[in-house]
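Structure, as structure tokens:
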């Protein structure tokens, strides 16, 4: 019997090629989208699962509480890890990481800036499945200045030579000996490792007392718990632990923290609220969003299948009737038609796999992933094919198998009255267009927001600013270097600072005179030309000035938020005294506010502008920001490089443009927006493909009606209108449903930004007109074809 | 074989109630060949559908092979039709996507017959209706007469006790029509009872008895001279 089903299915598919093509194409594109999204989502969720003990490793994170405000931080104090192991027997191991930032690595005449350079406890090899290809994990990170390098770094610096026992110089001063070569980590690791230095080296970077402290939060601490241990039990003991160890120190600084655990496997996707995190980050919102989009696209494709198949049911009516007359039970017919849809879906799936294989290289470039079609996916794919086939085939199978033989054999069934769409089919079309419209509105809102973010007045001029790190002798000769630069006509101004918009934003504290309580704020150390170079505006008071020599030691500038948060009006703020504990010295800088700068966005627009204090504090600068003229940028860059070579000989020339750097902060959103737009477009295309098939069918059904109308004098235009009317109604109905859905969904997304656009009616109107226009074009073709046909032929046809 | 008493069929729509059959009493014996005649809309096809278990009567009783089938569910009727009743329609109703052979084989597939037996039966039947040489053709490649011969083959391949034919020659020219009537007669002589709806007095002549229907009633019943083999 199944041979008979298969034969008839294949012959039907061949006979109605156009219909089959539309059906298979819609399903294939839909399935391909889903498959791509599935690969993406699967990869996102695979992060850090390669560690043997992934389920037992937790990252220790803090919620820092001060003055009623809380910030979540990924970093902990250096004393945290060892104290946890000492205090709690269930903490089997702890390992700390300390990031050295972008580090100059040298060997003989080779020198490169490297990222992912860490100092780590020797226990990292006990916790994580980091595999050493050379060296002993028990001893590799024990001695001071021991260094484990990744396989690729070993090859980069030592080629084919044996790296063990060789040396590398880090940051131009510390000579490390290679004690191990580590196998490259999979891409799905939130920590990327090029170099791991031994923790024993830390004592040369910080005093023993500082390494025992509970205030300095810059260490990433991971712990290993026993099999099956509920982390909540351990977390419950943290408050007493923190009260005993940390509070005595932190309370003098006016803050304390609440410590909690983050499962290793959640670090990548669920760290959006954590600050001071060095790890790679995904965003679980996008994982959810894309999963929903995939489901939507699949639904649209399934609905197409249902619509087209039931619309074309007349062609199978006689067969159904005859099979029933002969004695077929309804169940047998249902099985037959479900089998057919599964067959079709399997065909579409093969095509989809082909499409995905073609699209993967571009998709990988775009997402920065290395996704591939794994043969192990086959079982899953067959399962999906079965599921989709059954889902898409269910309604047609029930519909077709319900035909009554007497009616179909007289040729009465399968012919919807008036050639219109049945209620169910209307419902499916409306749902398709609801989904399409929501996706279009979603994509439009994402783009509007990104445009807003990128063109918003940031409180400074981000164009034409080149930023260079301070290296070599630049630090000691800053004023000379600046003067040298300014001699070039292409350079407008230059300023040195520790703190740049979108770059380093140092967190620090200030105090009120006489008080021990610290007030957390961001503190930028700048020189006299900072506000001028960045084109920042003052809201009150004055800028730092060389005309006031005391500015160097006693002047502070606040931003508007800091003044407001401290309870001062702009004018009151000027003249107020504030204190700042000087770094690593037992000195207090006591000064007064000389001005208030208008708020500017030094972080991404996801975050509200926080309080900020600026002051002059020579020789702790990180970067030189240079404003250049837009003309002859290349020549100006050459001057910068020349100056760099003079003052930082032996250091590779480094620079970046501020505007590009700021744009990079929204890269994730931008890519997500582009992907969402692409998938929205595909969803609309698939929906239209179905509409095209459906309208072709509808026009065909109404051939006789159209013929009669034309014979009695209807114009072609009125026929087109007649045929388009129904679709217009459906699209409008879909629009009414889509608007509130999209409105709430996109408001939820926008809430993630501290500065956001309001969703305007314009966007809804645009999406509505766009969907309607596309639907019109789709139906219009069929309508015009039908309207221009020869009525005599149409009537003879019946 | 068939005994129908006071058969009634009423069709209801929202506004109209139409009585298609009213108090029809009918007995048909095994091996009998009965023609049903009457003007359009007199209830001929309705009667045929009820006799063929494609539809249930609104009233009355219907006994088929000793079973009271009037109140059967659709599922039971389908089960009962299988192998017991063969149908021949005016418009042939062959399945376009199946070859001649496959069309004829279909009833046997639903009977769950073993493959070798199927081949034997289908080929034998195709020989009987003289269409064996066309067994791999599709319906569209055949003449009307050939198509109807295939339809007859499909109706008889499972050796049903009853063949119902609804104007089997209505779409055929006289030569082809005659051929089909010859075939039906042969099938009847081989043992199957036949109930045939027809407008053609000539075709009716092939049967043993002619029933005239008018407005849902049997108005006359004529027995012809030809006697059936299994009387």
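The values are calculated or read from the model by the stated rules, or taken from the named source; none is laboratory data. Just so we're clear, the structure is a prediction, and the values are computed from it rather than from any experiment. Cβ sites come from the backbone with ideal geometry, for glycine too, and all protein chains shown count toward neighbours.
General remarks:
- The listed residues are A:660, A:654, A:632, and the only one of them that is without any contact (Cβ under 8 Å) to a residue 24 or more places away in the chain and either crowded, with 16+ Cβ neighbours inside 10 Å or closer than 29 Å to residue A:488 by Cα (or both) turns out to be A:660.
- The single condition from (1) surrounded by 14 or more Cβ atoms within 10 Å (Cβ to Cβ); (2) at pLDDT 90 or above; (3) within 23 Å of residue A:29 (Cβ to Cβ) that residue A:397 fails is (3).
- Candidates A:283, A:304, filtered to the one that is closer than 29 Å to residue A:14 by Cα, touching a residue at least 60 places away in the same chain (Cβ under 8 Å) and away from chain B (no Cβ under 14 Å): A:304
- Restricting region A:474-503 to residues that are farther than 18 Å from residue A:528 by Cβ, touching a helix residue (DSSP H, G or I) at 6+ places or on another chain (Cβ under 6 Å) and modelled with pLDDT of 90 or more, the residue that is surrounded by the most Cβ atoms within 10 Å (Cβ to Cβ) is A:490.
- Evaluated against (1) within 30 Å of residue A:447 (Cβ to Cβ); (2) in contact (Cβ under 8 Å) with a residue 60 or more places away in the chain; (3) within 32 Å of the chain's Cα centre (by Cα), residue A:692 falls short on exactly one condition, (3).
- The condition of being within 19 Å of the chain's Cα centre (by Cα) and on the phi > 0 side of the Ramachandran plot holds for only one of B:83, B:144, that being B:83.
- Within region B:126-141, if we keep just the residues that are in contact with a helix residue (DSSP H, G or I) (Cβ under 6 Å, 6 or more places away or on another chain) and away from chain A (no Cβ under 14 Å), the residue that is farthest from residue A:5 (Cα to Cα) turns out to be B:129.
- Residues of region B:194-210 that are over 21 Å from residue B:159 (Cα atoms) and either surrounded by 20 or more Cβ atoms within 10 Å (Cβ to Cβ) or in contact (Cβ under 8 Å) with a residue 24 or more places away in the chain (or both): B:198, B:199, B:200, B:201, B:203, B:204, B:209, B:210.
- Test: residue A:349 is more than 23 Å from residue A:427 (Cβ to Cβ), away from chain B (no Cβ under 12 Å), part of a helix (DSSP H, G or I) and touching a residue at least 60 places away in the same chain (Cβ under 8 Å): yes
- Of the numbered criteria (1) more than 30 Å from residue A:480 (Cβ to Cβ); (2) at pLDDT below 95; (3) touching a strand residue (DSSP E or B) at 6+ places or on another chain (Cβ under 9 Å), the one residue A:593 fails is (2).
- The selection criterion, being within 30 Å of residue A:239 (Cα to Cα), modelled with pLDDT of 90 or more and in contact with a strand residue (DSSP E or B) (Cβ under 6 Å, 6 or more places away or on another chain), does not hold for residue A:134.
- Among the candidates A:699, A:786, A:754, A:717, residue that is modelled with pLDDT under 85 and outside any helix (DSSP H, G or I): A:754
- Condition met for residue A:186 (at pLDDT 95 or above, exposed (fewer than 15 other Cβ atoms within 10 Å of the Cβ) and not in a helix (DSSP H, G or I)): no
- Identity of the residue in region A:1-18, more than 9 Å from chain B (Cβ to nearest Cβ) and touching a helix residue (DSSP H, G or I) at 6+ places or on another chain (Cβ under 6 Å), that ends up farthest from residue A:684 (Cα to Cα): A:5
- Complete set of residues in region A:314-335 that are at the interface with chain B (Cβ under 9 Å from one of its Cβ atoms), more than 49 Å from the chain's Cα centre (by Cα) and on the phi < 0 side of the Ramachandran plot: A:318, A:319, A:321, A:322, A:323, A:324, A:325, A:326, A:328, A:329, A:330
- Residues that are within 12 Å of residue B:2 (Cα to Cα) and either surrounded by 15 or more Cβ atoms within 10 Å (Cβ to Cβ) or in contact with a strand residue (DSSP E or B) (Cβ under 9 Å, 6 or more places away or on another chain) (or both), drawn from region B:55-69: B:61, B:62, B:63, B:64, B:65, B:68, B:69
- Among the strands (runs of 3 or more DSSP E) confined to region A:521-621, the ones with at least 1 residues that are within 30 Å of residue A:670 (Cα to Cα) are located at A:555-559, A:612-616.
- The listed residues are A:266, A:301, and the only one of them that is buried (at least 23 other Cβ atoms within 10 Å of the Cβ) and either modelled with pLDDT of 90 or more or under 24 Å from residue A:17 (Cβ atoms) (or both) turns out to be A:301.
- Filter result (in a loop (DSSP other than H, G, I, E, B) and free of Cβ contacts under 8 Å to residues at least 40 places away in the same chain) within region A:486-514: A:487, A:506, A:514
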